[in-house]
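Chemist: Can you read through this structure? Questions will come right after.
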Amino acid sequence: LPIVVKAFEMEIVPANRIVAQIGETLILTCNTTGCASPSFSWRTQMDNPLGGTVNNHRTYSTLTMNPVSIVNSHDYLCTVFCGEKEKKEKSIKVELYSFPSDPIIEISPSLVAGQPVTVICKIPDVYPSDHLEVLLKKEERVLHEENFYEDDSTNTETKTVTYSFNPTAEDIGKEITCVAKLPIANMDFEPKERVTSQKLNANFGPQNTIITASPGNSPMEGDPLKLTCVTESSPPPQIVWRKQLADDRIQHLIENSILSIPHARFTDSGLYTCEVINLVTNKTEKATVDIVVQDGPKNTMISVIPATAVKEGETVTMKCTSSGNPAPVISWKKKKATGESEKIFKDATLTIQSIKRQDLGLYECEAYNQFGKEEKAVKLLVQVPPQNITVLVYPSENVKEGENVTITCSTYSNPPSQMVLKKVHQEKEIILPSVNGTFILYNVTKNDTGRYLLDVFNEVGSNIKVIEIAVVGRLEKTDQMIPLIIAFSCVTAIAVPVVAILIYVSRKAKINGSYSLVKALRLKV
């Protein structure tokens, strides 16, 4: 079969002529057939700027005008070359218009019976305006006609028609209509007529202004809340929402008839005001609503004055605060030794006068309302200086060389006491070391005679006990003698005083952790 070779052809889409509205998008397409590798070029008949973007593809090319503007009012020529010899071209005429929206009517001043009124009709962004025709009507009666045949605008313009007349009482409520037409016979576009109407209304208000709250004045936290300002006013008023803050400052919210809060929070509670302003009658009216957002107790806190750790005899004030709506009821409980809690007080402020050691422990504040409860706890510490100190010296404070002496003590304090034993030696003090609170003096001599100071102290106080030890001649039976040992053990307690155990230590006993004060003293002598 013979091979059929398609002839080189081209076309422009749309063909010959296109009507486009200024501001919209227009795409011109140049197509080819019968050529493997065509090349394209676009230009205007008068070689003006294209006013668009060219995109070349294998067999076609586009010219995009986005948006269309007045500079696109041209004949556009697409030229296609196929090889070096073949060339074809076609043109398309782009005709423009602009008639994008309905007229706008203004009646100024708004109707007050017996006074002249001016009707203004504005037709936005018209082109070509030399075809524009405007009619002003009251109901079906034509008040005024105007055309712009002599206009020589070269771009889009807003055209205005103004008409004044003296209204009668019967005119109130009647419609004023503005009809704008752009009849261009040889241009195919719609619409070619646009209409706007507005009633002649008397000015009044604002009056009978109220606020409606949905679902109500007391929403639950997290629920949506919608406040609507309802009023009677002509013309429609300007509406401003405000909220009175806790410090009496006023917070400006929005200018709208509806104030919406998608998720109400406790902090959204307060007095809301909607202010309605009629700019024509120059009158203002306000309405208020008190919004109370309900919620269970939150942010419960305990403050303690002067502190959670106090000295015995001081006065302590514990205050519990909690937010919630309705206001939470506050009560206090104290945890007993059994672990159970006992209710002790029903008020936000718990004061303990002349605090005693029995008052220490865990105090719980409970905040409660019908939507829930929340608890917070605080540990109260009663600080007591060392007291009820008992010192025992065994066998006595007068001993012979080689004997043992045990010194024991018991005390009560909080926090626990620290103990230091000192030996007064030639007008200076030697601090005696210990292991686990035990001081031991082995095989004492007369050099161990002297004054010993027992210093018992903690953060809130101290107490010093004086012990006089006298060492005299040696025992006769040394092998059976019990060497003198000073064993010091002082036990502190928070709840119950504990009496230390008297300790006998034989000369040959080996005590783990003990320390020889004889050696310590002799090193210093």
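Chemist: What is the calculated FRET efficiency for A246 to E468, with r their C-beta to C-beta distance and R₀ = 60 Å, to the nearest 0.05? Please report the intermediate quantities before stating the final value.
Modeler: Working: r = 70 Å, r/R0 = 1.17.
The calculated FRET efficiency here is 0.30.
Chemist: Farthest toward the dipole's positive end in the chain, which of T317, N201, I330, given Cβ charges of +1 (Lys, Arg) and -1 (Asp, Glu) about the Cα centre?
Modeler: T317
Chemist: Evaluate the charge dipole of the range 104-202 about its Cα centre and quote only its size in Debye, nearest 20, assuming +1 on the Cβ of each Lys and Arg and -1 on the Cβ of each Asp and Glu.
Modeler: Numbers: 10 positive and 18 negative charges, 91 e Å.
In total the dipole reaches around 440 debye.
Chemist: Here's another thing I want to ask about it. Any lysines with Cα under 22 Å of the K298 Cα? List them, leaving off those in the same chain fewer than 8 positions away.
Modeler: List returned: K319, K333, K334, K343, K346, K373, K376, K379.
Chemist: On to the next question. Which cross-chain or sequence-distant (5 or more) residues have an amide H under 5 Å from the amide H of N414, H modelled 1.01 Å from N in plane?
Modeler: Distant-sequence amide H within range of N414: V384.
Chemist: Let me ask something else about it. From the protein chains alone at 1.4 Å, what is the descending order of accessible area for K243, K428, K93, K122, largest first? Present the calculation step by step, with values, prior to reporting the outcome.
Modeler: Values: K243 15, K428 120, K93 90, K122 65 Å².
So the residues, ranked largest to smallest area, are K428, K93, K122, K243.
Chemist: Sticking with this one: Among (1) 192; (2) 162; (3) 467, find the value of volume of the Cα convex hull per residue in Å³ that was calculated from the structure presented, and write down its label.
Modeler: From the options (1) 192; (2) 162; (3) 467, the structure gives (3).
Chemist: Figure the gain on full extension for T25 and V289 (residue separation times 0.36 nm, minus the Cα-Cα span) and round it to one decimal in nm.
Modeler: Full extension from T25 to V289 adds 89.9 nm.
Chemist: I would also like to ask the following. In the neighborhood of T158, defined by Cβ-to-Cβ distances under 14 Å, what is the net charge if each Lys or Arg adds +1 and each Asp or Glu adds -1?
Modeler: Computed value for this residue: -2.
Chemist: Summing Lys, Arg as +1 and Asp, Glu as -1, what charge do residues with Cβ under 13 Å from the Cβ of P14 carry, P14 excluded? Walk me through the intermediate numbers first.
Modeler: Numbers: positive: R17, K90, K93; negative: E11, E95, D188.
For residues surrounding P14, the net value is 0.
Chemist: Let me ask something else. From the alpha carbon gyration tensor of the range 42-148, can you work out the equivalent ellipsoid semi-axes (sqrt of 5 times each eigenvalue) and give them in Å, largest to smallest? Don't skip to the answer; put the middle values down first.
Modeler: Working: eigenvalues 501, 34, 19 Å².
Square roots of five times the eigenvalues give 50, 13, 10 Å.
Chemist: Let me ask you something else. As a test of reading the structure, rank E11, E221 by solvent-accessible area (1.4 Å probe, protein chains only), most first. If you can, show how the numbers build up before the last one.
Modeler: On the way: E11 90, E221 45 Å².
The ordering from most to least exposed comes out as E11, E221.
Chemist: If you don't mind, there's one more thing I want to ask. So, for the range 385-469, what is the accessible surface per residue at a probe of 1.4 Å, expressed in square angstrom? Each step should come with its number before you reach the end.
Modeler: Working: 3980 Å² over 85 residues.
With the other protein chains kept in place, the range 385-469 gives 47 Å² per residue.
Chemist: Using a Cα-Cα cut-off of under 15 Å, which aspartates and glutamates could be cross-linked to K423, ignoring same-chain neighbours fewer than 8 residues away?
Modeler: E397, D448, D455, E468
Chemist: Hey, another quick one. Out of every Cα-Cα pair in the range 295-380, what percent are more than 17 Å apart?
Modeler: Working: 1681 of 3655 pairs.
Roughly 46 percent, once rounded to a whole number.
Chemist: Positive end of the charge dipole of the range 295-380 (Lys, Arg +1 and Asp, Glu -1 on Cβ, about the Cα centre): tell me which of P306, Q358, A348 has its Cα farthest that way.
Modeler: Q358
Chemist: How much of the accessible area of the range 209-291, probe 1.4 Å, is carbon plus sulfur, in whole percent?
Modeler: Values: 2350 of 4650 Å².
The C+S portion of the solvent-accessible surface of the range 209-291 is 50 percent.
Chemist: When the Debye formula is applied to the Cα atoms of the range 104-202, each taken as the same point scatterer, what base-10 log of I(q)/I(0) results at q = 0.12, 0.17 Å⁻¹?
Modeler: Log10 of I(q)/I(0), two decimals: -0.42, -0.75.
Chemist: Have a look at P103, V71, L392 and report the one farthest towards the positive end of the charge dipole of the chain, computed about the Cα centre with Cβ charges (Lys/Arg +1, Asp/Glu -1).
Modeler: L392
Chemist: Report, for the range 179-318, the % of DSSP beta bridges that are antiparallel, rounded to 5.
Modeler: Working: 35 of 36 bridges.
Antiparallel bridges make up about 95 percent of those DSSP assigns within the range 179-318.
Chemist: Ordering S410, S303, S269 by how much accessible area each has at a 1.4 Å probe, largest first, what is the list? Can you show the working numbers first?
Modeler: Values: S410 10, S303 55, S269 30 Å².
Final ranking, largest accessible area leading: S303, S269, S410.
Chemist: I'd like to know how the range 9-97 sits against the 2.2 N^0.38 Å rule of thumb: what's its Cα Rg over that expected value?
Modeler: 1.06
Chemist: Still on this model: Give the average over all directions of the projected area of the C-alpha convex hull of the range 209-291, one decimal, in nm². All intermediate terms of the calculation are to be shown ahead of the outcome.
Modeler: Values: hull surface 20.8 nm².
If I average the Cα hull's projected area over directions, I get 5.2 nm².
Chemist: Would you give the gap between the C-alpha center of the range 329-366 and the C-alpha center of the range 237-271, rounded to a whole Å?
Modeler: 42 Å
Chemist: Just for the range 104-202, what percent of DSSP beta bridges are antiparallel, to the closest 5?
Modeler: Values: 32 of 33 bridges.
Looking only at bridges with both residues in the range 104-202, the antiparallel portion is about 95 percent.
Chemist: For E312, what is the net charge nearby, where nearby means another residue's Cβ is under 15 Å from its Cβ and Lys, Arg count +1, Asp, Glu -1?
Modeler: On the way: positive: K311, K356, R357; negative: E314, D359, E459.
Net charge around E312: 0.
Chemist: Place a +1 charge on the Cβ of each Lys and Arg in the chain and a -1 charge on the Cβ of each Asp and Glu, then give the dipole magnitude about the Cα centre in debye, rounded to the nearest 20. Walk me through the numbers on the way to the answer.
Modeler: Values: 55 positive and 60 negative charges, 933 e Å.
Around 4480 debye, computed over the chain.
The values are calculated or read from the model by the stated rules, or taken from the named source; none is laboratory data. What you see is a predicted model; the values in this text were computed from it and never measured. For neighbour counting, all protein chains shown are included, and Cβ atoms are generated from backbone atoms with ideal geometry for every residue, glycine included. Surface accessibility is based on the protein's heavy atoms, side chains included, excluding ligands, DNA and RNA. Shrake-Rupley method; radii C 1.70, N 1.55, O 1.52, S 1.80 Å.
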